[in-house]
1. Which one of these does Ser117 not meet: (1) in contact (Cβ under 8 Å) with a residue 12 or more places away in the chain; (2) under 17 Å from Met3 (Cα atoms); (3) of a type outside the set (Lys, Arg); (4) in contact with a Ser or Thr (Cβ under 9 Å, 6 or more places away or on another chain)?
2. What is the residue count in segment 4-20 for residues that are surrounded by 13 or more Cβ atoms within 10 Å (Cβ to Cβ), touching a residue at least 40 places away in the same chain (Cβ under 8 Å) and in contact with a strand residue (DSSP E or B) (Cβ under 7 Å, 6 or more places away or on another chain)?
3. Which condition number in (1) loosely packed, with under 14 Cβ neighbours inside 10 Å; (2) under 19 Å from Met3 (Cα atoms); (3) not aliphatic (A, V, I, L, M) is the one that Thr204 fails?
4. Whether any residue in segment 202-223 is in contact with a helix residue (DSSP H, G or I) (Cβ under 7 Å, 6 or more places away or on another chain), part of a strand (DSSP E or B) and either without any contact (Cβ under 8 Å) to a residue 12 or more places away in the chain or among the acidic types (Asp, Glu) (or both) is what I want to check.
5. Within segment 156-176, can you find the residues that are in contact with a Gly (Cβ under 8 Å, 6 or more places away or on another chain) and exposed (fewer than 15 other Cβ atoms within 10 Å of the Cβ)?
Amino acid sequence: MHMKVRDVMTSEVASVNGSTPFRDVAEVLIAHEVSAVPVVDGEGHVIGVVSEADLLLKEEFREQFYREGYRPPLRARLREAVGRGVAKTQERARGVTAAELMSAPAVTTRPYTSVVSAARQMSRHGVKRLPVVDDEGVLVGIISRHDLLKVLSRADADIAREVREEIIGNSLWADLSGLDVSVSEGVVTLTGSLERRSQARVLTRMVERTNGVIKVVDHLEWKEDDSGPWEGS
């Protein structure tokens, strides 16, 4: 019922190795129109990620290294002022290869991870894409924020079909045969009658967790209210 990373990831991934020169890394980013690429070793294991931001560190510290009268952006000056990782940042700014420029270790995900978990990873680590690796750490794909948007923009017909077939059609915990499902702009409306109120709650929660569902409108009725006083109205 829940989409996995493998369902939306891009399998053909641009990557570089640790010895790839600065300029070649930049050309890969431009040619493939991406903001970051994984750095892999000789066996394809992901050892880091190099991004536009990593390459632009040279510009941020140009005044210090090249004495061209260049004044770094405010964020670079603030970072240097507070002293958070300054030494490491300056060292990376001097880098001339992908291995010297990259952010490591790389934040990765697995093909069988849910897209929800992948989205949370991106948010937690402040990244826009995640290399996808197998259980051996070998690169097999990449998932980006754009890929996650595909899940949120699922067609109404696809959502309705999944709810009917995967939730209602396969139910072994309640008779859901008399229910009706309609979907409009990602909003699912459930109508019909169930034996118990608790069944309606379970059904609503299951539908809410379906990929692409924005909201569930509950018009369900029940014959027996089996909710306890601790559950509220």
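1. So Ser117 meets the others, but not (1).
2. Here is the first cut: in segment 4-20, the residues surrounded by 13 or more Cβ atoms within 10 Å (Cβ to Cβ) are 4-10, 13-18, 20.
Next, only the ones that are touching a residue at least 40 places away in the same chain (Cβ under 8 Å) stay: 4-10, 13, 15-18, 20.
Imposing the further condition that a residue be in contact with a strand residue (DSSP E or B) (Cβ under 7 Å, 6 or more places away or on another chain) reduces the set to 4-5, 8-10, 13, 15-18, 20.
Of the residues in segment 4-20, 11 are surrounded by 13 or more Cβ atoms within 10 Å (Cβ to Cβ), touching a residue at least 40 places away in the same chain (Cβ under 8 Å) and in contact with a strand residue (DSSP E or B) (Cβ under 7 Å, 6 or more places away or on another chain).
3. (1)
4. yes
5. Asp158
Here, each number is a calculation from the coordinates, and none is a lab measurement. Just so it is clear, the model here is predicted, and its values are computed rather than measured. So basically every Cβ, Gly included, is an ideal-geometry build from the backbone, and we count neighbours across all protein chains shown.
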